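**Student:** Before I ask anything, let me first share the structure, which is written out below as C-alpha cells.
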Amino acid sequence: MKHDAAGPYATLRSAVPDGVTPTEYRDAVITAGFIDTHVHYPQVKMIGAYGAQLLEWLDRYTFPTELKFADRDYAAAAAQLFMRELLRAGTTTAAVYCTVHPQSVDAFFAESVRYGTCMVAGKVLMDRNAPSGLLEPPQTAYDESARLIERWHKKGRQLYCVTPRFAPTSTEGLLDAAGSLLRAHDGLYLQTHLSENLAEIEWVRSLFPARAGYLDVYAHAGLASARSVFGHGIHLSEQELCTCHATGAALSHCPTSNLFLGSGLFRLFDVLDPRRPVRVGLGTDVGAGTSLSQLSTLGEAYKVAALQGHKLGAIQAFYLATLGGARSLYLDGRLGRLAPGYAADVAVLDARATPLLTARTAHCGSLEDLLFVLMTLGDEPGGARDLRGRAQGVRPRRRVLVSCSAVCVAETWGADSITGAVWCPGRLMTAEQHHNGSLAEHQRDRRHRSVPTSDAGHSLPGSWKADAASVAARIRQAIPRYFASGSRDVGSPPC
Ligand SMILES: [Zn+2]
C-alpha cells in the first residue's frame with residue numbers, strides 16, 4: 001500500500017475520500033517506519049547473554065539457541081515474538097538472518113506476510129566450525145536456498161537474501177555456492193558479517209591465506225556487489241572501504257552490539273568520506289545488540305561517534321534509520337520517506353510517552369532538539385511505564401505506533417516533508433492492535449481523535465513546529481553533503 005499524498009493537512013483535507021476519517025496523533029512525530037539492516041530473529045530470546053566476546057559468544061549462546069529451530073513450532077513462536085517486538089519498536093523493514101533450517105525461513109516470511117511488511121531475509125549457510133546440527137554441504141545449501149527463493153523471493157513484499165553466516169563458518173565451496181545463487185536469480189540480496197572482531201580477523205587470515213584480506217574472501221566468491229550488506233565492518237582497511245564504495249556494497253552500523261561484545265567503534269564519518277562514500281544503514285544486531293529499538297540504537301551511535309570526536313546530529317541520525325537504511329538496501333525509491341508513491345510504512349513517536357519525556361520535550365527549542373531527545377530518551381523507561389499503567393488500571397500509552405497502511409494527521413518527519421498530513425487507504429493501528437488485527441478497538445481508542453473537518457490541532461509545547469520549514473531545508477542540504485556522492489568535486493579518491 002502506498003501513500004496517496006503527503007503535505008499540509010489544510011491543503012490535503014479536501015482530498016480525503018468519503019468514508020475515510022483521518023486520525024490525529026497529538027504530541028507525536030510521524031516518521032517513515034524505521035529500517036533495521038542487520039538483525040537475527042532466532043536470537044530474540046537470548047539478548048543480554050553475559051560475559052563473552054564474539055567467537056566465545058557464538059559457541060556458548062548462539063549455536064545452542066539456533067539448534068532449537070529444527071522444531072517448526074519453536075521457529076513459528078519465535079517469529080511471532082520477533083515480528084511483534086520489531087513493529088512495537090517502530091521498525092517496518094529489516095534485513096534478517098534466520099537459521100540453517102528452511103522451516104525457520106518459512107516461519108519468518110509467513111509472519112511477515114501476515115503483517116504485510118517488506119522484509120529481506122534468508123537461510124543461514126554454514127559448513128564448518130559450528131555444531132554438526134547446523135552444518136550442511138555446499139550443494140545442500142544451494143538446493144535448499146533455491147527452493148526458498150522460489151517460494152518467497154518477490155512474493156508480495158518479501159525479498160530473499162543469501163546468508164552465509166561469515167567467513168569462518170564457510171569453506172570456499174560454500175561461498176562459491178552462495179555466489180552461484182546470486183548469479184542464478186534476479187534481485188537477490190547477500191548478507192554476512194565482516195571485520196567485527198580482531199580475533200575473528202586473525203582467524204579469517206589463517207583460514208583463507210590466499211586472500212588479500214577479509215573482504216577479499218567475499219569478493220573472490222562474487223559476494224561484494226550492489227545489494228550486499230556487510231554487518232559491522234569495524235576494522236576495515238582503506239582499500240576495503242574503497243572496494244565497498246566501488247561495488248556499491250553496504251555496511252550495517254550496529255553500535256549496541258559492538259559496544260556489548262566489546263568489538264570496537266565503527267568509524268561512521270570515515271566510512272562516509274565524500275571522496276568514496278560507502279552506503280551505510282543502521283542495524284540492531286539482536287541478540288548481540290541489546291535492543292530492537294532504532295531510537296536506542298541511534299542513541300548509542302551518537303556515543304560511538306562522540307568517542308571519536310564526531311557529532312551525529314539528529315537529522316543525520318534519523319536519516320540513517322529511515323531513508324539511509326532504504327538506500328543501503330537499494331529500496332530508497334519506495335521506502336524510507338513519507339511521500340506520494342512511497343510505501344505507507346509509518347511509525348508514530350509519542351513525545352509525551354513518559355513523565356521524563358513530557359518534562360524534557362516541554363522545552364525543546366527546535367525540531368532537531370526534539371528528535372535528539374527522542375533518540376536519547378525515547379525508549380528508556382517504557383517497561384516501567386507500562387507496568388505502572390496496568391497497576392493503576394489505566395490504559396498505558398504506547399510510545400511507538402506502527403502501521404503498514406496509515407491514515408494519520410500530525411507533524412510528520414520525512415526527507416522533505418515535516419509538517420502536515422499523510423494518508424493512504426486503511427488505518428493506523430497500535431502494534432498490539434495490528435497484531436490482533438482489531439480495527440474496531442482502534443476506533444474506540446480515545447487517545448486518538450478523529451479530525452474530519454478541521455485543521456490538525458497542535459498541543460506540543462515549545463517552538464519546534466515553527467522551525468519545521470527551516471529543518472526541511474537543512475535536511476535537503478545535509479543529505480547530499482553527508483550521505484551521497486553526487487557529482488560534486490570532493491577531491492581525489494584516497495586510493
Ligand atoms: Zn549479526
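What follows is calculated from the coordinates using simple rules that are stated; it is not laboratory data. Remember, predicted model here, so these are calculated numbers, not experimental data. So basically every Cβ, Gly included, is an ideal-geometry build from the backbone, and we count neighbours across all protein chains shown.
**Student:** Going by average Cβ neighbours within 10 Å, how do the peptides 220-226, 135-141, 201-207 rank, with the highest at the top?
**Tutor:** Most protected by this proxy first, the peptides run 220-226, 135-141, 201-207.
**Student:** If each residue of separation counts as 0.36 nm, what is the full-extension length gain between Ser237 and Asp71 once their alpha-carbon separation is subtracted? Working shown, then result.
**Tutor:** Working: separation 166, 0.36 × 166 = 59.76 nm, distance 4.11 nm.
Extending this stretch completely gives an extra 55.6 nm.
**Student:** Output the peptides 227-236, 50-59 sorted from most to least packed, where packing is the average of other Cβ atoms within 10 Å over each peptide's residues. Write out the running numbers ahead of the final one.
**Tutor:** Details: 227-236: 24.4, 50-59: 15.2.
Going from most to least packed, we get 227-236, 50-59.
**Student:** Taking +1 at the Cβ of each Lys and Arg and -1 at the Cβ of each Asp and Glu, which of Leu188, Val204, Pro164 sits farthest along the dipole of region 137-213 towards its positive end, judged by Cα position relative to the Cα centre?
**Tutor:** Value: Leu188.
**Student:** Treating only the Cβ of Lys, Arg, Asp and Glu as charged (+1, +1, -1, -1), what charge dipole size does region 18-150 show about its Cα centre? Round to the nearest 20 debye. Don't skip to the end; give the middle numbers.
**Tutor:** Numbers: 11 positive and 17 negative charges, 47 e Å.
The calculation lands at about 220 debye.
**Student:** When the label point is put 7 Å from the Cα of Asp270 along its Cα-to-beta-carbon vector, which residues of region 307-328 have a backbone N closer than 17 Å?
**Tutor:** Backbone N within reach: 307-312.
**Student:** Once fully extended, how much extra length lies between Leu198 and Ala146, figured as 0.36 nm per residue of separation less the alpha-carbon to alpha-carbon distance? Numbers along the way, then the final one.
**Tutor:** Values: separation 52, 0.36 × 52 = 18.72 nm, distance 3.37 nm.
Length difference between fully extended and current span is 15.4 nm.
**Student:** Now a separate question. Under a no-solvent Debye model with one identical scatterer per Cα of region 34-328, what's log10 I(q)/I(0) at q = 0.09, 0.11, 0.12, 0.15 Å⁻¹?
**Tutor:** Each listed q maps to, in turn, -0.37, -0.57, -0.69, -1.15.
**Student:** Give the residue list of trypsin sites (Lys or Arg not before Pro) in region 293-362 that are DSSP loop and have at most 12 other beta-carbon atoms within 10 angstrom.
**Tutor:** Details: sites: Lys303, Lys311, Arg327, Arg334, Arg337, Arg352, Arg360; in loops: Lys311, Arg334, Arg337, Arg352.
When the trypsin sites (Lys or Arg not before Pro) of region 293-362 are filtered for loop state and at most 12 Cβ neighbours within 10 Å, Lys311 remain.
**Student:** Under the √(5λ) rule applied to the eigenvalues of the Cα gyration tensor, what semi-axes describe the equivalent ellipsoid of region 102-153? Give them in Å, descending.
**Tutor:** Numbers: eigenvalues 112, 29, 12 Å².
Each semi-axis is the square root of five times an eigenvalue, giving 24, 12, 8 Å.
**Student:** A further question follows. Determine, for region 34-328, the count of lysine pairs separated by eight or more sequence positions (or lying on different chains) whose alpha-carbon distance falls under 24 Å. Walk me through the numbers before you get to the answer.
**Tutor:** Values: Lys45/Lys68; Lys45/Lys123; Lys68/Lys123; Lys123/Lys154; Lys123/Lys155; Lys303/Lys311.
Going through region 34-328 pair by pair, I get 6.
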